[in-house]
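I have placed the structure first, in the form of structure tokens, so that the comments after it can refer back to it.
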Amino acid sequence: MQAKAAVLRASGTPLEVRTVTVDDPGPGQVRVKLSACGLCHTDQSVLEGVLPAMNPLVLGHEGAGVVESVGAGVTALAPGDHVIMTTTAFCGRCLQCVEGQYAQCERMPLTNNTSTPFHLDGDDLTPFASVGGLCEYTVVAENTAIKIADDIPLLSASLLGCGVITGVGAAINTAGVRPGTSCAVWGAGGVGLSVIQGCRIAGASAIVAIDMNPDKLDLARRVGATHVVDASGENAVERVMALTGGRGADYTFEAIGVGATMEQAWMAARRGGTATIVGVGRFDDAFSLSAGLVAVTEKTLKGSFCGGGASVRDFPRMLDWYRAGKLELDALVTTTYPIEETARAFADMTAGRNARGVVVF
Ligand SMILES: [Zn+2]
Ligand SMILES: [Zn+2]
């Protein structure tokens, strides 16, 4: 079939919105009619060449939709099922999967995915991050599409696919935030706002949001921040220390992807506390820790990728929280775009205009 898609032929070349040919689903695959796909900074990183694209791509990885058809041998899904795509489909058999570290599955394809269900002008295109959600239809492996209840609006549900599970999962799965604790979160975009919500749902009593955009700080307050720090005019580490009685926060999070703010998050964690890095930065952007203080302060530094990757468990659980009014999704969608305006949507994201911009089909 034919479908409109946001195509990237090679890193650093312009995005093209073109009509591509989409294959029928092969054995073990499903074809999904997308309803919505959120834009994530990881897509932008591939566009800019910060993250190398191994193949020509259909961009997008934060998608939700309805199963249109299934290939041979598919048992878990049927046409008509509502699904959210996951970027961390896992095999369940490698060492890390057996250890419960699903986001570290050795068989997870990510950018090295070589399946090519899309075709354009003689090029075979790969679905980015196994999803390829910026297309009217995509073809994914059966375990990449997670079935959800029919009553959840698919526009809201799409955010769970990357930004929300990444943020909420970092707080709940990776850091394991406990009730009554203090948290500080660098970055109040789609991911940082989700970290804030995860901390609130876990029962944290103080949540400090740090950003340089007043609109995002307003949104941070709406979703659960008890204090906000505008880092354009204030020293964030000093403010977090002051707000926690000079001790530092029990849990700090970096949701920007910049070495300097990762260092701040480490500095602002209390002795014996935990700093969790959620942002993905440039490979050549480093930060430093004092060799004299790491052992002495007994702080823990953790990385958190895609919220720990347990989407099979976490999508339904987080949608229960959404239904119960505990997890805000709709307020995170600040602008929607038709697929023809994907380039404008990326420009708005780069300019910091959106908590989440979402392409709707
Ligand atoms: Zn993402
Ligand atoms: Zn595995």
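Quick one: would you say I207 is in contact with a Lys or Arg (Cβ under 7 Å, 6 or more places away or on another chain), more than 16 Å from ligand 2 (Cβ to nearest atom) and more than 30 Å from D81 (Cα to Cα)? If you could, list the steps in order and put the result at the bottom.
Working: in contact with a Lys or Arg (Cβ under 7 Å, 6 or more places away or on another chain): yes; more than 16 Å from ligand 2 (Cβ to nearest atom): yes; more than 30 Å from D81 (Cα to Cα): yes.
So I207 fits the description; yes.
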Q. Could we say that S69 is touching a residue at least 40 places away in the same chain (Cβ under 8 Å), away from ligand 1 (no atom under 15 Å from the Cβ), among the small types (G, A, S) and crowded, with 17+ Cβ neighbours inside 10 Å here?
A. yes
Q | Unique match (being assigned to a loop (DSSP other than H, G, I, E, B) and out of contact with any His (no Cβ under 6 Å at 6 or more places or on another chain)) among I256, I196 | A | I256
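Within the range 270-290, count every residue that is more than 17 Å from E254 (Cβ to Cβ) and at pLDDT below 95.
So the first thing to find is which residues in the range 270-290 are more than 17 Å from E254 (Cβ to Cβ), and the list is 271-272, 284, 290.
Narrowing further to those that are at pLDDT below 95: 284, 290.
Count: 2.
Mind telling me which of the residues F346, F315 ends up being open to solvent by less than 40 Å² (accessible area, probe 1.4 Å), assigned to a helix (DSSP H, G or I), out of contact with any strand residue (DSSP E or B) (no Cβ under 7 Å at 6 or more places or on another chain) and more than 23 Å from A265 (Cβ to Cβ)? Let's see the steps before the verdict.
Numbers: F315 fails: out of contact with any strand residue (DSSP E or B) (no Cβ under 7 Å at 6 or more places or on another chain).
Going through F346, F315 in turn, just one is open to solvent by less than 40 Å² (accessible area, probe 1.4 Å), assigned to a helix (DSSP H, G or I), out of contact with any strand residue (DSSP E or B) (no Cβ under 7 Å at 6 or more places or on another chain) and more than 23 Å from A265 (Cβ to Cβ): F346.
Is it fair to say D151 is over 20 Å from the mean Cα position of the chain (by Cα), at pLDDT 95 or above and open to solvent by 10 Å² or more (accessible area, probe 1.4 Å)?
Values: over 20 Å from the mean Cα position of the chain (by Cα): yes; at pLDDT 95 or above: no; open to solvent by 10 Å² or more (accessible area, probe 1.4 Å): yes.
Criteria not met by D151.
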Q: Taking only the range 64-97 into account, find how many residues are farther than 23 Å from V360 by Cα and either within 13 Å of ligand 2 (Cβ to nearest atom) or among the polar types (S, T, N, Q) (or both).
A: 10
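Going residue by residue through the range 110-120, is there one that turns out to be within 16 Å of ligand 1 (Cβ to nearest atom) and surrounded by fewer than 19 Cβ atoms within 10 Å (Cβ to Cβ)?
Scanning the range 110-120, I find at least one residue that is within 16 Å of ligand 1 (Cβ to nearest atom) and surrounded by fewer than 19 Cβ atoms within 10 Å (Cβ to Cβ), so the answer is yes.
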Q | Qualifying positions in the range 7-57 - acidic (D, E) and surrounded by 24 or more Cβ atoms within 10 Å (Cβ to Cβ) | A | D43
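The values are calculated or read from the model by the stated rules, or taken from the named source; none is laboratory data. Just so it is clear, the model here is predicted, and its values are computed rather than measured. In this analysis, Cβ positions are derived from the backbone assuming ideal geometry, glycine residues included, and neighbour counts consider all displayed protein chains. Note: accessible area is taken over every heavy atom of the protein model, side chains too, but ligands, DNA and RNA are not part of it. Shrake-Rupley method; radii C 1.70, N 1.55, O 1.52, S 1.80 Å.
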